[in-house]
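Accompanying notes for the structure given below.
Throughout, read-outs are computed from the coordinates displayed, never taken from laboratory work. Here the structure is a predicted model, which is why all the values come from computation and not from measurement. No Cβ is skipped: glycine too gets one built from the backbone with ideal geometry, and neighbour counts run over all protein chains shown.
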Amino acid sequence: MDAEYVGNDLDKILLSEKQIQDRLGEMARDIERDYVGEDLLLVGVLKGAVMVMADLARSLQRHVEMDWMAVSSYGSGTTSSGVVRILKDLDADISGRHVLVVEDIIDTGLTLSWLIANLRSRGPASVEICTLLRKPEAQRMSVDVRYVGFDIPNEFVVGYGLDYDERYRNLGCVGTLARHVYS
Ligand code: IMP
């Protein structure tokens with residue numbers, strides 16, 4: 001394989017492209033069943049949720065609208081503090097609408113808790129969460145996550161929208177990084 005190949009930096013593959021796509025298909029069927037007869041607005045959180053949003057939306061065989069938010073969480077280094085600033089707000093007015101927040105990964109869930117409270121204050125008919133990946137810590141979170149693709153161990157993963165220093169988002173699979181990348 002080419003030395004430039006982005007997958008060379010992976011230590012192990014946690015979820016293959018096929019596993020991810022198959023699971024997104026199952027989640028799409030659950031979502032279709034739960035929102036029969038309702039309008040549905042998918043809200044993606046930039047940038048990590050881009051891949052999940054694109055593939056989940058294409059798996060859904062019903063009408064949806066898509067909108068995006070970008071937030072930055074103030075924290076020290078890699079820990080998120082739960083104090084959040086909106087960098088890009090929704091274009092849509094969500095009052096009276098069914099909102100499904102689409103996420104790539106929930107770790108502590110601090111940013112997401114803030115986001116959900118913020119969205120709820122806008123008077124939507126409902127706000128639910130769909131995430132491809134969830135780490136163990138998130139299960140202690142007070143916010144309910146309605147759709148979870150995979151519960152994964154507490155390891156740093158990249159690929160399928162998830163980055164290390166803005167790279168690896170374009171991998172189709174999810175994996176852990178080889179040690180030589182950090183050092
Ligand atoms: P939380 O507020 O701790 O749930 O932080 C969630 C955010 O942290 C995600 O949207 C990701 O941007 C980032 N994050 C958490 N775990 C990982 C990981 O394993 N790889 C890449 N980014 C991660």
What FRET efficiency would be calculated for the residue pair residue 4, residue 151, taking the C-beta separation as r and a Förster radius of 30 Å, to the nearest 0.05? 0.35
Along the charge dipole of the chain, Cβ charges K/R +1 and D/E -1, which of 109, 45, 92 sits furthest on the positive end? 109
Loop trypsin sites (Lys or Arg not before Pro), the range 38-134, which have at most 16 other Cβ atoms in a 10 Å radius of their Cβ (DSSP): 47, 62, 122
At the level of C-alpha centres, the distance separating the range 1-36 and the range 98-136, in angstrom, is 20 Å
I'd like the GluC sites (Glu not before Pro) in the range 13-58 restricted to DSSP loop residues with at most 12 other Cβ atoms within 10 Å, sorted by number. 38
What does DSSP give for the chain in terms of the percent of beta bridges that are antiparallel, rounded to the nearest 5? 35 percent
Based on DSSP loop calls and a cut-off of at most 16 other Cβ atoms within 10 Å, the longest stretch of the chain free of exposed chymotrypsin sites (Phe, Trp or Tyr not before Pro) is what? 6-155
To the nearest 10 degrees, the tilt of helix 110-120 (Cα long axis) against the first principal axis of the alpha carbons of the chain is 20 degrees
Pairing the Cα long axis of helix 50-59 with the longest principal axis of the chain, what angle in degrees results, from 0 to 90 and rounded to the nearest 10? 60 degrees
If neighbour count is taken as other Cβ atoms inside 10 Å, put 11, 144 in order from fewest to most. 144, 11
Charged-residue dipole, Cβ positions (Lys, Arg, Asp, Glu), the range 1-109 about Cα centre, Debye nearest 20: 140 debye
Taking 37 °C and 0.692 mPa s as the conditions, I'd like the Stokes-Einstein D for the range 1-116 in µm²/s, using the Kirkwood hydrodynamic radius from alpha carbon pairs. 202 µm²/s
Spatially proximal aspartates and glutamates relative to residue 18 (Cα-Cα < 15 Å; intrachain offsets below 8 disregarded): 26, 55
Can you give me the angle between helix 17-34 and the longest principal axis of the chain, using Cα atoms only, in degrees from 0 to 90, rounded to the nearest 10? 10 degrees
Find the relative contact order for the chain and round it to a whole percent, using C-alpha pairs within less than 8 Å whose residues are 6+ positions apart. 25 percent
Per 10 Å bin from zero, what fraction in whole % of the C-alpha pairs of the range 61-182 is there, up to the bin with the longest pair? 11, 40, 36, 11, 1, 0
Set of lysines with alpha-carbon distance to residue 12 below 21 Å, sequence-local pairs under 8 removed: 135
Give me 43, 36 ranked fewest to most by other Cβ atoms within 10 Å of their Cβ, as a rough exposure proxy. 36, 43
Förster radius 30 Å - calculated FRET efficiency between residue 36 and residue 90 (Cβ-Cβ, nearest 0.05): 0.80
